[in-house]
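The values are calculated or read from the model by the stated rules, or taken from the named source; none is laboratory data. As the structure is a computational prediction, the values presented were derived from the model and not from experiment. Cβ sites come from the backbone with ideal geometry, for glycine too, and all protein chains shown count toward neighbours. All accessible areas refer to the heavy atoms of the entire protein, side chains included, with ligands and DNA or RNA removed. Shrake-Rupley method; radii C 1.70, N 1.55, O 1.52, S 1.80 Å.
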Amino acid sequence: QVQLVESGGGVVQAGGSLRVSCVASGRTFRTYSMGWFRQAPGKEREFVAVISGGGGLTNYADSVKGRFTISRDNVKNTVYLQMNSLKPEDTAVYYCAASPIVLETIRAAYEYWGQGTQVTVSS
């Protein structure tokens, strides 16, 4: 079983940057694709970004392309989401998740989920 713990959330002004992190337990981390999802108040949880086990392949939601970058460090069992040019509509709880399927964007495909970290972008 894999446990995921997010960190790095906080409050940032519009146009600013923030990096959130997710640390995974277990020695099979590199066999999983790692995704980031977010959920704003009153909305469904939505896909943000995903990275393959080796880190060579990525995919992003259209709403964050060009602004967000996902990366991973398999030595540290950590996945990151660098968020630049933040907008108020990026405000949400950000969750990391692990999937055995490469570059999966469907929520149901993820086996393990973190508890989330709050990101608030002020105007």
For this session: Round to the nearest 0.05 the FRET efficiency obtained for residue 73 and residue 3 when R0 = 25 Å and r is the Cβ-Cβ distance.
Result: 0.90
Exercise. From the backbone phi of segment 18-28, what are the Karplus-calculated ³J(HN,Hα) couplings (6.51 cos²θ - 1.76 cosθ + 1.60, θ = phi - 60°) in whole Hz, Gly and Pro given as x?
Worked result: 7, 10, 9, 10, 9, 9, 10, 8, x, 9, 9
Seminar exercise, completed: If exposed means GluC sites (Glu not before Pro) lying in a DSSP loop and surrounded by at most 13 other beta carbons within 10 Å, then the longest stretch of the chain lacking such sites spans residues 45-110
Seminar exercise, completed: Sorted by chain and then number, the residues having a modelled amide H within less than 5 Å of the amide H of residue 87, at least 5 places away or on another chain, are 15
Problem set entry | Linear extension gain, residue 46 paired with residue 11, 0.36 nm per residue minus alpha-carbon span | 10.6 nm
Exercise. Check residue 101: other-chain or 5+ apart residues with amide H under 5 Å from its amide H, H built from backbone geometry?
Worked result: 33
Problem set entry | ³J(HN,Hα) computed for each position of segment 9-15 - Karplus, 6.51 cos²θ - 1.76 cosθ + 1.60, integer Hz, glycine/proline x | x, x, 10, 9, 6, 3, x
Exercise. Once the whole set of protein chains is in place, how much accessible area is left on residue 45, using a 1.4 Å probe, in Å² to the nearest 10?
Worked result: 60 Å²
For this session: Could you check which residue among 71, 99, 63 shows the biggest mean-square fluctuation in a GNM of the chain with a 10 Å Cα cutoff?
Result: 63
Problem set entry | For segment 73-85, Karplus couplings with θ = phi - 60° (6.51, -1.76, 1.60), whole Hz, Gly/Pro x | 10, 6, 6, 8, 6, 9, 10, 10, 10, 8, 10, 10, 6
Exercise. So who's got an amide H within less than 5 Å of the one on residue 49, skipping anything under 5 residues away but keeping other chains? H placed 1.01 Å off N, in plane.
Worked result: 36, 61
Seminar exercise, completed: Residue span residue 30 to residue 106: 0.36 nm per residue of separation minus Cα-Cα distance leaves a gain in nm of 25.4 nm
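Counting other C-beta atoms within 10 Å, and keeping those with at most 13, which DSSP coil trypsin sites (Lys or Arg not before Pro) do you find in segment 56-103?
Loop-located and lightly packed - 65, 76.
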Exercise. Can you give the translational diffusion coefficient of the chain in µm²/s, computed by Stokes-Einstein from the Kirkwood radius over Cα pairs at 10 °C and 1.306 mPa s?
Worked result: 113 µm²/s
Exercise. Going toward the positive end of the dipole of the chain, with +1 on Lys and Arg Cβ and -1 on Asp and Glu Cβ, which of 12, 28, 88 do you reach last?
Worked result: 28
